[in-house]
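To start, the structure under review is shown below, and the notes come after it.
The values are calculated or read from the model by the stated rules, or taken from the named source; none is laboratory data. It should be emphasised that the depicted structure is a prediction, and the values quoted were computed from it without experimental measurement. No Cβ is skipped: glycine too gets one built from the backbone with ideal geometry, and neighbour counts run over all protein chains shown. Heavy atoms of the whole protein, side chains included, go into the accessibility calculation; ligands, DNA and RNA do not. Shrake-Rupley method; radii C 1.70, N 1.55, O 1.52, S 1.80 Å.
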Amino acid sequence: MNTLTQAPRSDASHLFSAPVIVAALGYFVDIYDLLLFGIVRIPSLVALGLTEAEISITGASILNWQMTGLLLGGILWGVLGDKKGRLSVLFGSIITYSLANIACGFVQDPDVYKVLRFIAGVGLAGELGAGITLVSEILPKHLRAIGTSLVAGIGLLGAVVAYFTVEFFDWRYAYFIGGGLGVSLLLLRIGVFESGIFKDIKNQKHVEKGNFFALFTNRERLFRYLRCIGIGLPTWFVIGILATFSNEFGRALGIQEAIKPGLSIMWCYVGLSIGDLASGFISHWLESRKKAVLYLMIFTLIGSLVYLYAGLKTSTSFYATAGLLGFGIGYWAMFVTIGAEQFGTNLRATAATTVPNMVRGTVVLMTTLFASFKESFSVVNSGALVGVICFAIGIYCILTIPETHGRDLDFLEE
């Protein structure tokens, strides 16, 4: 009887330990800052004196600078995470993006704005991968899925807070708040301990750690890495195309009330937060990462067809569908966890940090394809064509990647 009563308490103590809580709060601030420019894009550029035509061009350029920063930052922080430790990345990344966001609150020039969003992107790239890697390595294997889903589920609520912050405060104050939240997190991180698995290899000179190019020198490892990236493509198709350009889809569908992209993104992230929390329990129940991701991916595919072709006519039904799509891509937590579990300790942070940022970086390709398709097809069909590519790759990759549920993470990549 004592064993039965003590086990849940032991599990709870693991799930609500300092590293899990801090990783979740860190990802909360990360998402707040990551999406903030998308929400304040129009009011901030209007305040800088840009015309409507300039806002469209400059806004896209600034977003691309931020996404490029994420791509490069993912490599930087991933390598440092395997060479110097998971905690060093958590501290370094948050200092970088917090200071960049505070500086964005003072910006007066669009070119400076681009540079600051690039620096913020570099900083934001390290948070999730390092947090998921740390949590994956310190939790018992039977709690890993639930723990990482808690980190992502709680963290993604940062999108909701970002939306309402902009609703109630000037865009400059929204940046100050984001930077201030990040700085305050540094105090919480003082009591967080490093992964024991990493500490065991830290001083082993013969073990090559954090070699990004090692992901490309072995055929089997390379295809493992590419499959991890492919699994995530449908998530950013939903966020980067369906939600971000929801105003265009709303007009194309004949919805009379103007659809607000910021509100679509918020409802998408509400669903995403719930889906991320659910995905960990689904994976735990099915004893499979692959099945949990596949089922949610298929749910998202069906939801995308409803979004594009079911004839939505009201803003209420449109935003509700955005929320359901968000729930479907709630396999994001499992996707990042799979990325961490696929690789040995000496490459784990490199893989887990670069994989989600590689996926974020593909948004540039998706938006380029979307714009190109619109020259020959309707907005709805152009979105569908981008979706076909993303879902075809995603489903193939999750079906062919090795299962990692219950895998012991104390191993090295040769």
Scanning segment 47-77 residue by residue, the ones that are under 12 Å from VAL122 (Cβ atoms) and either open to solvent by less than 30 Å² (accessible area, probe 1.4 Å) or in contact with an Asp or Glu (Cβ under 9 Å, 6 or more places away or on another chain) (or both) total 7
Kindly indicate whether any position in segment 29-40 is within 20 Å of ALA340 (Cα to Cα) and either crowded, with 22+ Cβ neighbours inside 10 Å or within 15 Å of the chain's Cα centre (by Cα) (or both).
-> yes
Please enumerate the residues belonging to segment 101-119 that are buried (at least 24 other Cβ atoms within 10 Å of the Cβ) and in contact (Cβ under 8 Å) with a residue 24 or more places away in the chain.
-> ASN101, CYS104, ARG117
Please state which one of TYR331, TYR396 is closer than 24 Å to SER304 by Cβ and at pLDDT 95 or above.
-> TYR396
Of the criteria (1) at pLDDT below 85; (2) crowded, with 24+ Cβ neighbours inside 10 Å, which one LYS84 fails = (2)
Close pairs from segment 351-380: first surrounded by fewer than 17 Cβ atoms within 10 Å (Cβ to Cβ), partner assigned to a helix (DSSP H, G or I) and modelled with pLDDT under 90, Cβ under 8 Å, at least 6 apart = VAL364/ASN64; VAL364/MET67; VAL364/THR68
Among the residues of segment 269-290, how many are touching a Ser or Thr at 6+ places or on another chain (Cβ under 8 Å) and either farther than 25 Å from LEU34 by Cβ or open to solvent by 10 Å² or more (accessible area, probe 1.4 Å) (or both)?
-> 3
Can you spot a residue in segment 42-64 that is in contact with a helix residue (DSSP H, G or I) (Cβ under 7 Å, 6 or more places away or on another chain) and among the charged types (D, E, K, R)?
-> no
Counting only residues that are surrounded by 15 or more Cβ atoms within 10 Å (Cβ to Cβ) and either hydroxyl-bearing (Ser, Thr, Tyr) or within 21 Å of THR367 (Cβ to Cβ) (or both), how many does segment 208-233 have?
-> 6
Residues in segment 337-347: is at least one among the hydrophobic types (A, V, I, L, M, F, W, C), more than 16 Å from TYR225 (Cβ to Cβ), out of contact with any Phe, Trp or Tyr (no Cβ under 7 Å at 6 or more places or on another chain) and touching a residue at least 40 places away in the same chain (Cβ under 8 Å)?
-> no
Say whether the condition of being in contact (Cβ under 8 Å) with a residue 24 or more places away in the chain, under 21 Å from TYR173 (Cβ atoms) and of a type in the set (A, V, I, L, M, F, W, C) is met by at least one residue in segment 71-93.
-> no
TRP236 versus (1) touching a Phe, Trp or Tyr at 6+ places or on another chain (Cβ under 8 Å); (2) open to solvent by 10 Å² or more (accessible area, probe 1.4 Å); (3) among the aromatic types (Phe, Trp, Tyr); (4) closer than 26 Å to LEU294 by Cβ: which is the lone unmet condition?
-> (1)
Of all the residues that make up segment 210-239, how many are at pLDDT 90 or above and in a helix (DSSP H, G or I)?
-> 20
Can you find a residue in segment 315-326 that is open to solvent by less than 20 Å² (accessible area, probe 1.4 Å), in a helix (DSSP H, G or I) and within 30 Å of GLU137 (Cα to Cα)?
-> yes
For segment 137-150, the count of residues that are more than 15 Å from ASP276 (Cβ to Cβ) and in contact with a Gly (Cβ under 8 Å, 6 or more places away or on another chain) equals 5
